[in-house]
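Just below is one structure, and these are the notes that go with it.
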């Protein structure tokens, strides 16, 4: 356990957590929405500091990040807890439960050492929502940057401005979920009403801190696969983040409380792909469809195949310093 870095004390022993947009007011002996930040006698504690549920060297493409150090390995860590209650979560056994004696104790220093040992070029906090692990990820990011490693958050984007600004100097990239584009959808899926804060965080991360941002939308049949929501996301990306920002539209598979729905039809993802292109996005990718042509990166200017992908296997064919080797177009690829 570790005292939280972002909170304020209130009358009567209560505290207000300032790590995410819920800004939970927590009475003594209680926990916030995430379940892992608890008020003990007027002190807000992080119950999972240094406690990992999962660690692994992953391809950076798994996050998914396609325009950020392609072809590299990233040391990936997750813990327990989440500030959303997504009904389709594939990692619900860690995100919507609490640890019961299990887990891997790993210090921030050890995470950097293991990243080096496994030949990784960066560290990612992923698998569950990293915001609930804020103090641990902040310390890990500081150490990683000192050691020349890149740093990544795979996030629902509901962290607070204060948390983002503390992370800002040490965080290089966000793989950020925009789950849908309506009040009704976010409430039905995740019990979240202030979802537009997610958009503001993405914009702030890119504009204020220069982070590399890629947007991910898991397309769920009957819920967020309508043209209005898909076009709304694509238009927001173009207008607020820029047309060079990658949009990953991934195939839904039945999980957790949504096993009654079928997997997303391939035709639906292809329609979403066309919508993204019609709205002016340069890079739209289909996910969970290994071998689909829309996994690969093509130059938007000359059409040349730049990076060929099959699942997490990639071949870099025509890339020089983040630009198309054929025509010199800037592809917004960090290496």
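The values are calculated or read from the model by the stated rules, or taken from the named source; none is laboratory data. Everything quoted here is computed from the prediction, not taken from an experiment. Every residue, glycine as well, gets a Cβ built from its backbone with ideal geometry; the counts of neighbours run over all protein chains shown.
Put simply, of 320, 278 the only residue that is in the same structural domain as residue 214 (by TED's automatic domain parsing), out of contact with any strand residue (DSSP E or B) (no Cβ under 6 Å at 6 or more places or on another chain) and either closer than 20 Å to residue 181 by Cα or at pLDDT 95 or above (or both) is 278. On inspection, residue 256 does not qualify as more than 22 Å from residue 215 (Cβ to Cβ), loosely packed, with under 15 Cβ neighbours inside 10 Å and in the same structural domain as residue 69 (by TED's automatic domain parsing).
Quick check: is even one residue across segment 124-143 within 24 Å of residue 272 (Cβ to Cβ) and either at pLDDT 95 or above or crowded, with 22+ Cβ neighbours inside 10 Å (or both)? So far as segment 124-143 goes, yes, one or more of its residues are within 24 Å of residue 272 (Cβ to Cβ) and either at pLDDT 95 or above or crowded, with 22+ Cβ neighbours inside 10 Å (or both). For segment 82-133, the tally of residues that are free of Cβ contacts under 8 Å to residues at least 60 places away in the same chain, assigned to a helix (DSSP H, G or I) and closer than 21 Å to residue 257 by Cα stands at 3.
The single residue among 276, 303 that is loosely packed, with under 15 Cβ neighbours inside 10 Å and either at positive phi or part of a helix (DSSP H, G or I) (or both) turns out to be 303. Counting the residues of segment 24-41 that are assigned to a loop (DSSP other than H, G, I, E, B) and surrounded by 15 or more Cβ atoms within 10 Å (Cβ to Cβ) gives 6. If the condition is being within 21 Å of residue 173 (Cα to Cα) and either without any contact (Cβ under 8 Å) to a residue 40 or more places away in the chain or not in a strand (DSSP E or B) (or both), then segment 47-71 contributes 56, 60, 61, 62, 63, 64, 65, 66, 67, 69, 70, 71. Taking the conditions (1) over 18 Å from residue 186 (Cα atoms); (2) assigned by TED's automatic domain parsing to the domain that holds residue 126; (3) in contact with a strand residue (DSSP E or B) (Cβ under 7 Å, 6 or more places away or on another chain) in turn, residue 265 satisfies each one other than (3).
Residue check: residue 290 meets all listed conditions (1) assigned to a loop (DSSP other than H, G, I, E, B); (2) out of contact with any strand residue (DSSP E or B) (no Cβ under 7 Å at 6 or more places or on another chain); (3) over 21 Å from residue 226 (Cβ atoms) but one, namely (2). Looking at segment 227-241, can you tell me whether even one residue there is modelled with pLDDT of 95 or more, surrounded by 15 or more Cβ atoms within 10 Å (Cβ to Cβ), over 30 Å from residue 165 (Cα atoms) and touching a strand residue (DSSP E or B) at 6+ places or on another chain (Cβ under 6 Å)? There is no residue in segment 227-241 that is modelled with pLDDT of 95 or more, surrounded by 15 or more Cβ atoms within 10 Å (Cβ to Cβ), over 30 Å from residue 165 (Cα atoms) and touching a strand residue (DSSP E or B) at 6+ places or on another chain (Cβ under 6 Å). Each residue in segment 170-185 was checked for being over 28 Å from residue 143 (Cα atoms), touching a residue at least 40 places away in the same chain (Cβ under 8 Å) and not in a loop (DSSP other than H, G, I, E, B), and 1 of them qualify.
Conditions tested, residue by residue: (1) in contact (Cβ under 8 Å) with a residue 24 or more places away in the chain; (2) not in a strand (DSSP E or B).
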| residue | (1), (2) |
| --- | --- |
| 138 | yes, yes |
| 141 | yes, yes |
| 163 | yes, yes |
| 187 | no, yes |
| 193 | no, yes |
| 199 | yes, yes |
| 214 | yes, no |
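Which residue out of 52, 5 is in contact with a helix residue (DSSP H, G or I) (Cβ under 9 Å, 6 or more places away or on another chain) and crowded, with 18+ Cβ neighbours inside 10 Å? Of the residues listed, the single one that is in contact with a helix residue (DSSP H, G or I) (Cβ under 9 Å, 6 or more places away or on another chain) and crowded, with 18+ Cβ neighbours inside 10 Å is 52.
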